[in-house]
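Here is the structure we will look at.
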Amino acid sequence: MTQPEAQRTRVLIAEDNRAVSAFMVMLLADAGYEAEATADGEEFLERIEHFNPAVVILDLMMPKIHGMEALRRLRANPATARVGVIICTARPYKADHDQARNLGAFEIVCKPFKREDLLGAVRRCLAGTPETIPARPAAEVEAAYLPQFEAGQPYYCLWGTRGSTPVSGQRFVRHGGNTSCLEVGLGEDMVIVDAGTGIRELGLKLAAEKPRRLHILITHTHWDHIQGFPFFAPAYLPGFELVIYGAPGFGKDLKSIFLGQLDRDYFPVQFEDMQAKIEFRLLEKAPLIIGPIEVSWEYTHHPAATLAFQMNFSGRRLAYVSDNEFLYGYVGSPRKIGLASEILAPHRALVNFLQGVDLLIGEAQYTNEEYLKKIGWGHSSLSNACLLAKLAEAKRWVVIHHDPLHDDPFLERKLNLTRQVLRQLGHPADVTHGYDGMTEFL
């Protein structure tokens with residue numbers, strides 16, 4: 001093409017990015033074309049008949065009228081139906097390119113483009129010899145980033161988050177219905193806390209692996225914290241070793257309580273049928289060291305000897321407080337209670353024990369309305385539990401021990417109310433509800 005011919009050739013640009021459109025105008029002008037830019041699909045359609053271009057360069061993602069719709073209207077108008085169309089877009093998708101070609105686009109130029117990509121497309125469009133410029137693969141620009149889990153991260157998994165009794169049915173699918181069981185691990189070392197019905201699912205997973213030594217901490221021996229043990233598969237497999245820990249102060253010794261579940265009047269299989277090596281120990285001197293996991297404990301306010309546990313992983317601290325009636329009998333506003341309040345005196349040891357914990361896995365079983373009728377049942381009201389999280393300065397709180405009457409929609413509303421109360425208390429901790437199967441790295 002000669003220079004005079006190029007000077008008579010007009011190119012209209014539709015591009016909402018003004019820096020890109022200015023660059024296009026400069027390139028085309030330097031090559032001898034008469035170029036003009038529009039900033040949206042509507043302006044483009046209004047200008048095209050007056051400017052009378054031989055070629056248009058059309059972006060797809062434009063305000064007011066999408067580039068694909070502008071192309072459709074351009075082809076439907078007899079006055080512009082024969083104008084050559086080059087699509088210049090950052091969208092790499094084949095479906096978009098095919099649709100543009102079906103609507104009459106001559107060629108596709110992918111952003112970011114080189115000078116010759118654009119000028120070559122204009123020359124080919126004027127000559128009627130199309131050549132699609134393929135998008136450059138991402139690998140040519142930068143090596144693919146494929147993140148992998150870091151080895152040796154501490155983790156926890158909630159196998160049971162329901163309190164009092166297990167539940168089932170469609171209304172409980174999201175949060176689950178198994179009673180208390182927590183798995184905490186780092187590398188090859190694992191600690192299990194509580195043996196509610198959730199321990200059955202954990203046991204099936206462990207039974208499929210090689211036999212190992214397992215440490216099971218029991219917060220207390222109420223049914224919902226031990227009732228899954230007779231269904232714990234590793235207890236029946238030779239090669240497994242189970243060490244079960246509990247607090248001193250139970251009415252019966254720990255072993256008698258566990259064996260009682262396997263009495264012939266209650267269960268068809270007896271303790272003697274369990275082929276794992278099983279040992280019962282009292283938690284008397286803290287801390288308990290299990291591999292790299294340091295375990296400490298403190299008593300909570302709940303009928304019977306009940307413990308809260310804290311696991312320390314090289315400075316990262318997880319606390320588990322499943323059953324605790326914080327501020328026994330208090331039904332007033334949590335904003336009236338501070339660290340110096342007299343009512344806090346019986347609970348100060350627990351607050352200090354939890355101070356600054358990275359993750360609090362703890363209960364808030366009752367709404368404030370429910371708590372009015374259940375004072376002394378051993379569980380906290382929502383607002384009192386929020387106050388514990390604040391006074392302990394817990395960085396994150398996963399709420400567990402959901403009441404069996406609370407279905408998924410109810411728990412969603414309760415969580416929103418929990419977040420509201422924490423905001424009112426001025427505590428910025430992230431809070432969410434635990435659910436069966438919930439697994440996170442610390």
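Restricting the first member to the range 26-37 and to residues that are at positive phi, and the second to residues that are assigned to a helix (DSSP H, G or I), the beta-carbon pairs closer than 7 Å and six or more apart or on different chains are Gly32/Gln3; Gly32/Ala6; Gly32/Gln7. Set side by side, the residues Leu60, Leu45, Leu71 differ, and just one is buried (at least 21 other Cβ atoms within 10 Å of the Cβ) and either among the aromatic types (Phe, Trp, Tyr) or assigned to a helix (DSSP H, G or I) (or both), which is Leu71.
Here is a yes/no grid of residues against (1) in the same structural domain as Ala29 (by TED's automatic domain parsing); (2) in contact with a Phe, Trp or Tyr (Cβ under 9 Å, 6 or more places away or on another chain); (3) farther than 19 Å from Glu15 by Cα:
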{"site": "Ala81", "(1), (2), (3)": "yes, no, yes"}
{"site": "Ile86", "(1), (2), (3)": "yes, yes, no"}
{"site": "Thr89", "(1), (2), (3)": "yes, no, no"}
{"site": "Pro92", "(1), (2), (3)": "yes, no, no"}
{"site": "Phe106", "(1), (2), (3)": "yes, no, no"}
{"site": "Lys111", "(1), (2), (3)": "yes, no, no"}
{"site": "Asp117", "(1), (2), (3)": "yes, no, no"}
{"site": "Thr129", "(1), (2), (3)": "yes, no, yes"}
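Determine, yes or no, whether Val173 is crowded, with 22+ Cβ neighbours inside 10 Å and within 29 Å of the chain's Cα centre (by Cα). Steps first, answer last, please.
Numbers: crowded, with 22+ Cβ neighbours inside 10 Å: no; within 29 Å of the chain's Cα centre (by Cα): yes.
In short, no.
Cβ-Cβ distances below 6 Å connect the following pairs, each with a first residue in the range 301-312 that is over 12 Å from Gly246 (Cα atoms), a second residue that is crowded, with 23+ Cβ neighbours inside 10 Å and β-branched (Val, Ile, Thr), and a separation of six or more residues or different chains: Met311/Val184. Residues in the range 212-234 that are closer than 25 Å to Ala305 by Cβ and not in a helix (DSSP H, G or I): Leu214, His215, Ile216, Leu217, Ile218, Thr219, His220, Thr221, His222, Gln227, Gly228, Phe232. When the range 176-190 is filtered for residues that are surrounded by fewer than 24 Cβ atoms within 10 Å (Cβ to Cβ) and outside any loop (DSSP other than H, G, I, E, B), the ones remaining, listed by number, are Glu183, Gly185, Leu186, Asp189, Met190. If you go through the range 336-380 and pick out every residue that is among the basic types (Lys, Arg) and in contact with a strand residue (DSSP E or B) (Cβ under 7 Å, 6 or more places away or on another chain), you end up with 1. Being at pLDDT 90 or above, surrounded by fewer than 19 Cβ atoms within 10 Å (Cβ to Cβ), over 33 Å from the mean Cα position of the chain (by Cα) and not in a loop (DSSP other than H, G, I, E, B) is not true of Arg82. For the residues Glu209, Glu279, Glu284, the requirement of being among the charged types (D, E, K, R), within 24 Å of Ala308 (Cα to Cα) and at pLDDT 95 or above singles out Glu279.
The number of residues in the range 289-314 that are more than 25 Å from Trp223 (Cα to Cα) and either within 30 Å of the chain's Cα centre (by Cα) or buried (at least 17 other Cβ atoms within 10 Å of the Cβ) (or both) comes to 8.
The values are calculated or read from the model by the stated rules, or taken from the named source; none is laboratory data. Quick caveat: nothing in here was measured; it's all calculated off a predicted structure. Neighbour counts run over all protein chains shown; Cβ positions are idealised from the backbone, glycine included.
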